[in-house]
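Working notes, beginning with the structure itself.
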Amino acid sequence: MKKKFLKTFFRYPWAIIVATLLLTGFFGFFLKNLALENSLRSFFPQKDTSYDLLTKTEDEFGSMLSIGITLETKSGTTILTPEYIDVVRKITDRTLELPEVEDIDSVTHIDYVCDENGSISATQLIPDTYTGTDEDIFQLKSRLAEWHDMYNRVIVNDDSTGFQMQISLRPKSDETLSLEENQAKLAELTEQAKTADNKTEINAEIAQTKSNIKEIKAQVRKLGTDIMRQQKVLAKVKHIVNEETDGHHLNVKFVGEPVLSEESKQFMISDLLVLIPLVIVVVLLSLYMSFKTVTGMLLPLCTVLLSTIISVGMMGFFG
C-alpha cells in the first residue's frame, strides 16, 4: 500500500515542483509580517501571573519603561551653566510633545519643595530667573545638597559635570489597550452566555465584540507592535537630543530597555549578515566535496531554502 502510494505520488514530478513553488510563494508572501523583537517583555509569558502583576503595577503607579539620557561636559567643567541648562530645557520640552512619552524627569522639570510663607510649596528646582552667576550656581548647589538623596546621582552627578534625564514611555498604545479591553469583554460575555436565559442579546454583543477585535487587530498590524513603536520613539528622542546638543561640547549616552532592545537587534542583524553567507559557503563546499557535481551541490541547498521560507513564512501567517 505504501509503495503503491509513493509510486503514484512521484508519477507527476512537475506537479510536485509546481505545488512546492506555489506553497513557497504563498508563505513567502507573509515574510513581510515578521519583525525582530528583542524586548525583555516579549520573552515573558503574556498570561503568566508575573506579567499580570507588572501591567497592574504600571496601571497604578505609572510606566516602568524608560529611556535614560546622560549629558556630560567634555572638558570636565561644571554643567550648571545657563547654556547647558537651556539645552536640557529644550530637550525636555520637545520630548514631552511626543504622544508616546508619559513623563520626564530632568533638572529643569523636577519639583523643589520649600517653605513659602510658612507653608510647604513645590516650585521648580531651577527658577526662571537663573542666569548662571556665581550666586545662582551657589543657590542651585545648595538646593541640590538639601535633598541629596532626591537629586544626587538621579539628575546630577557627584562633581556637577553631568545631567541625567529619565523619559517614561507609555508601555502600550491606545490600540493595544483597546484590544485587551475587548478581549477581556469577549471572555466575560462568553461565560455569561453559558448560563444566560436570553442568549440573543449576548450573542449579538459577542458578535459585535469579535468584529471590534478584528478591526483593532488590523490597526495594530498596520501601526506595528508596541516594541516597534518604542523603537520609533527612541529614534525620535535621539534625533531631538542630537539636534539640541550639536555644537555644545557634550558627551551623550542613551540607556534603558528600549536602547538595549535596539542594540541587541542591530547586533543580531550584523551577526546574521556575516554568518548566513559563511554558512552557505561552508555548506556548498561540503556538498560539492560529497557529490562532485554542481547539481548535487545546488539541489540540497534549494531544499533548505524552500523549507526555510515555508517554515518562517508560516510564523508570519499565523502571527
Can you name the number of the only condition in (1) within 20 Å of D226 (Cα to Cα); (2) without any contact (Cβ under 8 Å) to a residue 60 or more places away in the chain; (3) assigned to a helix (DSSP H, G or I) that W14 fails? (1)
Checking the conditions here, which among Q164, Q230 is polar (S, T, N, Q), surrounded by 16 or more Cβ atoms within 10 Å (Cβ to Cβ), touching a residue at least 40 places away in the same chain (Cβ under 8 Å) and assigned to a strand (DSSP E or B)? Q164
Exactly one of these conditions fails for P99: (1) over 19 Å from V156 (Cα atoms); (2) part of a strand (DSSP E or B). Give me its number. (2)
Given L31, L71, L65, L21, which one is surrounded by 11 or more Cβ atoms within 10 Å (Cβ to Cβ), closer than 23 Å to M165 by Cα, of a type in the set (A, V, I, L, M) and modelled with pLDDT of 85 or more? L71
Which members of region 218-245 meet the condition of being touching a helix residue (DSSP H, G or I) at 6+ places or on another chain (Cβ under 8 Å) and at pLDDT 80 or above? R229, Q230, Q231, V233, L234, V237, I240, V241, E244, T245
Under 7 Å by Cβ, and 6 or more places apart or on different chains, what pairs join a residue from region 246-263 that is closer than 29 Å to P171 by Cβ and in contact (Cβ under 8 Å) with a residue 40 or more places away in the chain with one that is basic (K, R) and in a helix (DSSP H, G or I)? F254/K238
Somewhere in region 212-225, is a residue within 30 Å of K74 (Cβ to Cβ), outside any helix (DSSP H, G or I), touching an Asp or Glu at 6+ places or on another chain (Cβ under 7 Å) and of a type in the set (S, T, N, Q)? no
Please work out which residue is surrounded by the most Cβ atoms within 10 Å (Cβ to Cβ), limiting yourself to region 37-62 and to residues that are among the hydroxyl-bearing types (S, T, Y) and under 26 Å from G316 (Cα atoms). S39
So which of K199, K172, K185 ends up being at pLDDT 80 or above, of a type in the set (D, E, K, R) and surrounded by 13 or more Cβ atoms within 10 Å (Cβ to Cβ)? K185
Unique residue being farther than 25 Å from N242 by Cβ and either in contact with a Lys or Arg (Cβ under 6 Å, 6 or more places away or on another chain) or assigned to a strand (DSSP E or B) (or both) when the list is I104, I69, I120: I120
Exactly one of (1) touching a Leu at 6+ places or on another chain (Cβ under 6 Å); (2) free of Cβ contacts under 8 Å to residues at least 12 places away in the same chain; (3) not aliphatic (A, V, I, L, M) is unmet by H148. Its number? (1)
Does R229 count as within 30 Å of S168 (Cα to Cα) and touching a Gly at 6+ places or on another chain (Cβ under 9 Å)? no
Take T57 and decide whether it is free of Cβ contacts under 8 Å to residues at least 24 places away in the same chain and on the phi < 0 side of the Ramachandran plot. yes
Between residues in region 171-185 that are touching a residue at least 60 places away in the same chain (Cβ under 8 Å) and residues that are among the aliphatic types (A, V, I, L, M) and outside any helix (DSSP H, G or I), which pairs lie under 8 Å by C-beta distance while being six or more apart or on different chains? P171/M64; P171/L65
Inspect region 188-203 for any residue being over 30 Å from I79 (Cα atoms), within 17 Å of the chain's Cα centre (by Cα) and not assigned by TED's automatic domain parsing to the domain that holds G319 and give the result as yes or no. no
In region 105-116, is there at least one residue being more than 16 Å from K253 (Cβ to Cβ), at pLDDT 85 or above and within 22 Å of the chain's Cα centre (by Cα)? yes
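The values are calculated or read from the model by the stated rules, or taken from the named source; none is laboratory data. Source: prediction; values computed, not measured. Note: ideal-geometry Cβ built from the backbone for every residue, glycine included; neighbour counts use all protein chains shown.
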